[in-house]
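The values are calculated or read from the model by the stated rules, or taken from the named source; none is laboratory data. Model, not experiment: these values are computed from the prediction. Positions of Cβ are generated from backbone atoms using ideal geometry, with glycine treated the same way; all protein chains shown enter the neighbour counts. Just so you know, the surface numbers come from the protein's heavy atoms only, side chains and all, with ligands and any DNA or RNA stripped out. Shrake-Rupley method; radii C 1.70, N 1.55, O 1.52, S 1.80 Å.
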Amino acid sequence: MREIVMAAYFGTSALNDAWLMASVLPNLLFSTINGAISVTVVPLMTQADAQLSKRSVQNFINEVFTAIVLVSTFLIVFGEIFAPELMRLVAPGFHHKELALTVSMTRIMIPTILFWGLAGLVVGILQEREEFLYPALSPVAINIVRIATIVTLGHFFSIQGVAVGFLLSVLSQLFVTIPALKRAGLHLHFRWHFSHPLLRKMIRMSGPFFVTSSVGTLGVIVDRILASSLVTGSLAALNYSYVLVQIPVGLLISSLTTPIYTRLAQHQSHHDLLTYRQLAMRGFRLVILIIVPITLWFMILSIPILRLIYQHGAFSNYSTRITASTLLFWSIGLPGFGLSFYLQKLFFATQDTKSPARFSIITILFNIVGDLILVRFLQADGLALATALAAWVNTTLLTIKALNPRHNSDLLFRPFVLKIGITAGITAVVVYGLREWFSLDYIHGFFPLAFALSSTVIVSALVYLTLLTLFRFPEIRELLRRLLKNRHKLQSSET
């Protein structure tokens with residue numbers, strides 16, 4: 001909804017391109033700090049709760065809080081002073097008014113560094129305590145404020161109002177999560193000793209994790225640097241399609257892996273390796289089963305999806321065309337994005353942040369080289385394709401290291417890949433046939449297009465589930481078993 005509102009107000013305009021460049025540092029790079037803190041806190045808090053007193057746990061939290069405030073303050077001051085120089089580096093294609101606008105918005109948003117860091121700490125603590133509701137509400141709060149401020153501040157102050165709204169939205173997540181932390185009996189206070197052994201361990205873990213989680217971020221940053229020299233709207237097209245591709249990862253894969261990650265960290269902490277391996281395999285297969293049909297829908301139905309979601313207000317037919325091609329190439333990497341997100345959690349649960357960091361460096365280099373080569377031939381599409389291929393490189397390296405499919409008989413890797421390949425091929429034929437039968441690329445009117453598109457998705461999803469059932473995937477049998485169990489419970493309660 002946030003991107004729909006943004007598209008309606010600013011489309012693929014030069015103002016939107018300036019906003020996207022200004023958000024590079026505070027939105028992309030420093031939100032990675034949020035992830036580095038939240039993920040490393042989970043296994044360390046699990047260790048602290050098992051081995052240390054409540055007072056020692058509180059001291060650890062306070063020292064982390066103090067360190068975040070100090071480091072964030074330094075980065076904010078540095079960013080405010082050197083914002084013009086930083087923007088000349090990341091936006092070499094911007095000049096004069098466009099560059100000045102980008103610098104001013106960057107300065108507005110740089111204080112979010114502090115809010116991202118604190119939110120990462122609080123969310124990590126809550127997830128370790130298996131409190132998932134308020135961390136899940138955190139991005140909801142962010143987007144509600146973003147939408148409200150795009151409509152209000154964006155209307156009165158144009159794109160600079162959107163930057164102010166972004167600052168307020170990142171702050172809003174703290175109002176959701178900190179009260180939940182207090183109810184858990186924990187508080188944030190300054191502690192200047194910096195002597196807790198887990199703090200030093202967290203610093204050692206955070207460095208490699210930051211490299212690991214920066215793969216996607218740096219890929220997008222490089223894309224935007226190169227896209228700043230392309231035709232107007234290229235940045236916006238890349239962003240709109242990238243946001244769509246990341247929705248399944250953030251909405252479905254994240255929802256699946258967050259509780260699994262917490263459980264994995266607990267099994268690892270208690271040295272229950274058999275249960276750990278079984279849960280790890282189960283999560284891997286589930287991610288693939290979820291992401292395959294979504295990938296097919298994005299690749300085959302890109303134009304009708306974009307027309308239905310974005311083509312309103314300032315988002316024109318031209319905007320749809322340039323965004324559809326980037327969506328196609330982003331979609332090639334969607335399984336890679338989802339699997340990388342999950343597989344990295346397997347390493348973090350074992351407190352191994354160095355292995356994925358090494359793979360991330362390889363992936364970043366592959367991505368940059370691919371960007372430089374493919375942008376010459378495919379323009380913005382080449383940037384999307386290079387990042388998509390890099391995601392597959394990362395996934396391959398992570399899978400070989402974490403799951404060892406050649407020697408792990410529990411994974412049944414080859415028959416699984418063969419079955420899912422056949423299922424995906426048949427489903428793709430069905431999706432393409434329904435697109436042609438409904439003439440989805442040419443339907444006019446919101447409701448007729450919504451009906452035809454949703455019908456295509458529902459029918460193809462039923463075909464996909466039927467094929468999974470015929471191939472006897474254990475995940476489908478487990479789902480059916482749970483549905484039947486719930487049905488029997490409901491009947492018993494009615495009786």
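What the table below lists for this structure:
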item	result
Sorted peptide list for 239-249, 456-466, 179-189, 1-11, criterion being average Cβ within 10 angstrom, highest first	239-249, 1-11, 456-466, 179-189
Cα-based equivalent ellipsoid, the stretch 287-372: semi-axes from gyration tensor eigenvalues, Å	32, 17, 11
Sequence of 392, 116, 192, 437 when ordered by accessible area, the most exposed leading, probe 1.4 angstrom	437, 192, 392, 116
Helix-derived mean residue ellipticity, 222 nm - over the chain, DSSP H n ≥ 4, -39500 (n - 2.57), to 500	-28500 deg cm²/dmol
Length-normalised contact order for the stretch 248-399 - Cα pairs under 8 Å, 6+ apart - percent	28 percent
Percent carbon-and-sulfur accessible area, the chain, ignoring ligands, DNA and RNA, probe 1.4 Å	68 percent
The chain, relative contact order in percent, only Cα pairs under 8 angstrom and at least six apart counted	19 percent
In nm, spacing of pseudo-spin labels at residue 77 and residue 51 (7 Å Cα→C-beta vector)	3.5 nm
Percentage relative contact order, the stretch 378-467, counting C-alpha pairs under 8 Å, at least six apart	22 percent
Semi-axes of the equivalent ellipsoid for the stretch 45-136, Cα gyration tensor, largest first, Å	38, 14, 9
Descending principal axes extents, the stretch 278-428, alpha-carbon based, whole Å	51, 35, 25
Length added when fully stretched, residue 361-residue 96, from 0.36 nm per residue minus Cα-Cα	91.9 nm
Where labels lie 7 Å past Cα in the beta-carbon direction, separation of residue 151 and residue 404 in nm	5.5 nm
Heavy atoms of residue 290 accessible to a 1.4 Å probe, total area in Å² rounded to 10	50 Å²
Highest-first arrangement of 424-431, 299-306, 119-126, where packing means the average Cβ count within 10 Å	119-126, 299-306, 424-431
Calculated over the chain: convex hull of Cα atoms, volume per residue (Å³)	170 Å³
The stretch 184-202 versus the stretch 353-397: alpha-carbon centroid distance in Å	37 Å
Accessible area per residue, Å², the chain with all protein chains present, probe 1.4 Å	45 Å²
Members of 54/182; 54/354; 354/419; 182/345; 201/345 lying beyond 24 Å, as alpha-carbon distances in this model show	54/354; 354/419; 182/345
